[in-house]
Amino acid sequence: MTSFQGVLRIADGIALKYCVYEQFTNFQTENESYDMFQRKNSPPSIMQSFLRLLGINFMPLMAGSLEQRIYSNQIRDFRKSHCIEVTRIEPTTLIEQWATELAGAIAWLESLGVVHGDLRPANILLDRHDHIKLADFDSVAKMGLRNPGTTAPWVRLRDCKGSQGSCSFGLYDAWSEQFAFASVLHFLTTGIELYEDMGPEALDLLKNLEFPELGDSPLDKLTITGWMGALHH
């Protein structure tokens with residue numbers, strides 16, 4: 001959730017998401033996205049909205065985010081935003097379920113010609129039955145538009161001009177979303193964010209498609225495939 005939004009629990013099972021600091025543009029982007037989703041009969045893996053008014057949005061109350069879930073399986077130094085130890089990995093069957101639900105949500109958005117634009121664990125919620133709800137649609141954009149980028153490891157620099165030339169994050173396309181999907185999947189299967197301790201160097205590693213060695217499991221193979229962009233070829 002971005003800094004210009006807040007969430008309040010107002011009744012059993014109902015949350016009120018509101019805009020603060022009078023920054024309505026991104027909040028309106030999200031509300032307009034929900035208008036579109038409602039017309040298109042969004043799947044269960046897309047967060048629902050009960051009612052949208054200027055600067056507010058009534059939504060189902062979720063149990064938490066995927067980020068919170070994985071952080072709860074770590075010994076973590078929150079002051080330094082650093083994982084000290086991974087104490088538990090979620091069951092493979094549950095990770096496979098989450099991967100299927102998230103991939104379905106991404107594919108459905110692409111069928112509408114749009115991308116989420118900020119795909120990361122903090123924006124992926126869980127209901128009380130441990131099903132994924134993709135949320136926070138204030139960065140939704142049409143495919144083919146310029147990708148302003150977010151933070152590593154959910155994006156990578158592309159379209160570099162020469163060995164010392166400037167780079168951009170390219171355009172929103174299937175690869176941009178699949179790359180983020182793969183980094184989320186790595187987060188789930190390893191219990192730690194990719195290159196969490198690398199700082200700005202992480203962008204260079206991702207730009208060069210340098211990744212840690214993974215195993216031969218189907219989830220690991222899917223992760224590598226998403227990072228390398230082979231899923232949309």
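The values are calculated or read from the model by the stated rules, or taken from the named source; none is laboratory data. Given the structure is predicted, the values throughout are model-derived calculations rather than measurements. FYI the Cβ positions are ideal-geometry reconstructions off the backbone, even for glycines, and counts take in every protein chain you see.
Let me confirm something: among 95, 84, 89, which residue is of a type in the set (A, V, I, L, M), at pLDDT 95 or above and part of a strand (DSSP E or B)?
Working: 95 fails: part of a strand (DSSP E or B); 89 fails: part of a strand (DSSP E or B).
None of the others qualify; the one that does is 84.
State whether one or more residues within the range 125-143 are modelled with pLDDT of 95 or more and closer than 17 Å to residue 194 by Cβ.
Looking for residues that are modelled with pLDDT of 95 or more and closer than 17 Å to residue 194 by Cβ, one finds none in the range 125-143, hence no.
Conditions: (1) within 28 Å of residue 8 (Cα to Cα); (2) touching a strand residue (DSSP E or B) at 6+ places or on another chain (Cβ under 9 Å); (3) crowded, with 19+ Cβ neighbours inside 10 Å. Residue 158 meets all but one. Number of the miss?
Of everything listed in (1) within 28 Å of residue 8 (Cα to Cα); (2) touching a strand residue (DSSP E or B) at 6+ places or on another chain (Cβ under 9 Å); (3) crowded, with 19+ Cβ neighbours inside 10 Å, residue 158 misses just condition (1).
Quickly run through the range 126-155 and pick out the residues that are small (Gly, Ala, Ser) and in contact (Cβ under 8 Å) with a residue 60 or more places away in the chain.
Taking the range 126-155 and keeping what is small (Gly, Ala, Ser), we get 135, 139, 141, 144, 149, 152.
Those that are small (Gly, Ala, Ser) and in contact (Cβ under 8 Å) with a residue 60 or more places away in the chain: 135, 139.
Would you please list the contacts, defined by Cβ atoms under 9 Å and residues six or more apart or on different chains, that run from a residue in the range 96-122 that is outside the structural domain of residue 34 (by TED's automatic domain parsing) and within 22 Å of residue 145 (Cα to Cα) to a residue that is basic (Lys, Arg) and crowded, with 16+ Cβ neighbours inside 10 Å?
Sorted first by the residue in the range 96-122, then by its partner, the pairs are 105/133.
Could you check the range 52-81 and list, in sequence order, the residues that are surrounded by fewer than 16 Cβ atoms within 10 Å (Cβ to Cβ), assigned to a loop (DSSP other than H, G, I, E, B) and among the hydrophobic types (A, V, I, L, M, F, W, C)?
54, 63, 78
Which members of the range 32-56 meet the condition of being within 20 Å of the chain's Cα centre (by Cα) and within 20 Å of residue 127 (Cβ to Cβ)?
33, 34, 37, 42, 43, 44, 45, 46, 47, 48, 49
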